[in-house]
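J.: Below is the structure I would like to discuss, written out as structure tokens.
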Amino acid sequence: MCGRFTLKKPNRLRVNGVSDELHALAPRYNIAPSQEILVVRECESQREATFVQWGLIPSWSQDGKGIINARVETLEEKRSFSESFSRRRCLILADGFYEWERMGKISQPYYFEMKDSAPFAFAGVWDQWRRGDRSITSCAIITTTANELLAKIHRRMPVILSAESYDLWLSEDSRAPDLKEMLIPFPAEEMMSHAVGYEVNNANVDHEGLLQVVEPNIGVTYSLF
């Protein structure tokens, strides 16, 4: 599961066709489900950077509930994601994410990023839901098995795409077998992590201090969300 992430320095992002649109964005340190998040998508060969809701609502949904993560193992099987994987893929822009080590009722948050703190993109899928006058465009982050670094904390991790694969992921002409080859754990040796404080559990808190390194505290019980 990926339940929180950051986009601290949007002006460092480089995505063909949209890089110039990213420079004026404010930094975010605690992006949470149901919030508007920045994605890059391609529609009818036109590429755009836009904000959509995090939590994919399938177009056929009756209750309008969003799903924040899509497992790579069932992308083509689950009705919630199969058509989006085939026709509506996106890059979800980020430069770090949080994961929680669960030990009984205790959940210690950790922050994960690249060793050079470079920005990156999660593999995502999106859909548009309409009911009456309401219209919501939303997305989900694709997850896979954890790499060696993440596996110490959690069994799953978000799929991080290499910059070289962005064009293929967004292209409307890409084939499913080629796309699925990208949906693998990111190399652990290129990443680093550290424990952070429990303030990140509050989705209303968003400041740079959330990233401060702390000693893991396994003696206190906190809840997420």
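J.: Is it true that R79 is of a type in the set (D, E, K, R), in contact with a Gly (Cβ under 6 Å, 6 or more places away or on another chain) and on the phi < 0 side of the Ramachandran plot?
T.: It is false that R79 is of a type in the set (D, E, K, R), in contact with a Gly (Cβ under 6 Å, 6 or more places away or on another chain) and on the phi < 0 side of the Ramachandran plot.
J.: Of the residues in segment 77-117, how many are in a loop (DSSP other than H, G, I, E, B) and closer than 23 Å to S45 by Cα?
T.: 2
J.: May I ask you to say which residue of A176, A151 is of a type in the set (A, V, I, L, M), over 22 Å from R28 (Cβ atoms) and surrounded by fewer than 14 Cβ atoms within 10 Å (Cβ to Cβ)?
T.: None of the others qualify; the one that does is A176.
J.: Could you please let me know if A121 is aliphatic (A, V, I, L, M) and buried (at least 20 other Cβ atoms within 10 Å of the Cβ)?
T.: The answer is yes for A121.
J.: Something else now. When only residues in segment 68-98 that are among the β-branched types (V, I, T) and touching a residue at least 40 places away in the same chain (Cβ under 8 Å) count, which is surrounded by the most Cβ atoms within 10 Å (Cβ to Cβ)?
T.: I92
Yes/no matrix, rows are residues, columns are (1) part of a loop (DSSP other than H, G, I, E, B); (2) modelled with pLDDT of 95 or more; (3) within 27 Å of G66 (Cβ to Cβ):
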{"residue": "D127", "(1), (2), (3)": "no, yes, yes"}
{"residue": "T144", "(1), (2), (3)": "no, yes, yes"}
{"residue": "W169", "(1), (2), (3)": "no, yes, yes"}
{"residue": "D173", "(1), (2), (3)": "yes, no, no"}
{"residue": "P177", "(1), (2), (3)": "no, no, no"}
{"residue": "E189", "(1), (2), (3)": "no, yes, no"}
{"residue": "V205", "(1), (2), (3)": "yes, yes, yes"}
{"residue": "G209", "(1), (2), (3)": "no, yes, no"}
{"residue": "T221", "(1), (2), (3)": "yes, no, no"}
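J.: Something else now. Looking at M157, M114, which is the one that is more than 16 Å from V39 (Cα to Cα), surrounded by fewer than 16 Cβ atoms within 10 Å (Cβ to Cβ), modelled with pLDDT of 95 or more and aliphatic (A, V, I, L, M)?
T.: M114
J.: Failed condition for K65, given (1) surrounded by fewer than 22 Cβ atoms within 10 Å (Cβ to Cβ); (2) part of a loop (DSSP other than H, G, I, E, B); (3) in contact (Cβ under 8 Å) with a residue 12 or more places away in the chain, with all others met?
T.: K65 satisfies every listed condition except (3).
The values are calculated or read from the model by the stated rules, or taken from the named source; none is laboratory data. Quick caveat: nothing in here was measured; it's all calculated off a predicted structure. In this analysis, Cβ positions are derived from the backbone assuming ideal geometry, glycine residues included, and neighbour counts consider all displayed protein chains.
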